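Shown next, in structure tokens, is the structure this report addresses.
All of the numbers you see were taken from the coordinates with simple rules; none came from a lab. Fair warning: this is a prediction, and the values are worked out from it, not measured in the lab. Ideal geometry is used to build each Cβ from the backbone, glycine not excepted, and the neighbour counts take in all protein chains shown.
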């Protein structure tokens, strides 16, 4: 059986790559995808812990996280479409009115 | 055997996650993210969480990524010339995430290793459904309300305010 710290390293790496993407790119859609990546890193470690501790609550939480992620993506992409319709771009530097 | 499979799936997941960040075209980013999601589903199968593996493939690879791909093609973003940050900001982003990695490694290093006693079958549909419909019945129903609200919100936001803008225009 795989030791659980392997899963810890893997999901730490995936989470860091997600953070890197959010900081690295300017396209709002890519930033969205990197947020999904971070959510999945957390889901993975939750499933690993729930399996290793023999507790089903972790997997139920992952199920709810998936539902929330689906809702978030639907609303977020609708906001992106609205933003594109008004500014003709998905560059986040154009949307700097909420910055300060 | 299981360990080799774990290494292979981890390599695929991390490699394609890096390609999501560094590929030029958003369409390629979406495709690499689908590969990442499939390898994470493989990890769920290794962990004997079959219900979540199937739900993950259906929800993420089947619904969310198709939505992403659809939006990218609707906005016509599949150009190579998309905005990029300056090199200084890219360097700062790499430094920041490297520091975060160091913090995570430092906090997780030396933790007590958890050993699994017996192969658990809590990830099967039968057990998970029993838990979901007894202990977590109210959150389950509230999640359906959340999905309904998200659907209404998405339709509201995606609809244009201008009259006649919602008609289908065919560009000649």
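Determine the shape class of region B:1-41: with a ≥ b ≥ c the square roots of the Cα gyration tensor eigenvalues, call it rounded for a/c under 1.5, and otherwise prolate if a/b is greater than b/c, oblate otherwise.
Values: a/c = 4.71, a/b = 2.46, b/c = 1.92.
Cα axes put region B:1-41 in the prolate bin.
By the beta-carbon count within 10 Å of each Cβ, the least crowded to most crowded order of B:71, B:113, B:57, fewest first, is B:113, B:57, B:71. With angles folded into 0 to 90 degrees, how steeply does helix A:57-87 sit against the dominant principal axis of chain A? Use alpha carbons for both and round to 10. The angle comes out near 10 degrees.
In whole angstrom, the protein assembly as shown maps to an equivalent ellipsoid with semi-axes of 34, 25, 16, each derived as √(5λ) from the alpha carbon gyration tensor and ordered largest first.
Taking the longest Cα principal axis of chain A as reference, the axis of helix A:4-24 is set at about 0 degrees. One equal scatterer on each Cα of chain B, no solvent, Debye formula: the resulting log10 I(q)/I(0) at q = 0.15 Å⁻¹ is -1.25. Over region A:26-87, the alpha carbon radius of gyration divided by the compact-protein estimate 2.2 N^0.38 Å works out to 1.42. Ranking of A:72, A:36 by neighbouring Cβ atoms within 10 Å, starting from the fewest: A:72, A:36. In region B:1-100, inverting the average of 1/r over every pair of distinct C-alpha atoms gives 15.3 Å as the Kirkwood radius.
Per DSSP H run of at least 4 residues, take -39500 (n - 2.57); add these up for chain B, divide by its residues and hand me the 222 nm value, nearest 500 deg cm²/dmol.
Details: 7 runs with 111 residues, N = 172.
For chain B, the value works out to -21500 deg cm²/dmol.
With neighbours defined as other Cβ atoms within 10 Å of a residue's Cβ, the residues A:61, B:68, B:51 order from fewest to most as A:61, B:51, B:68.
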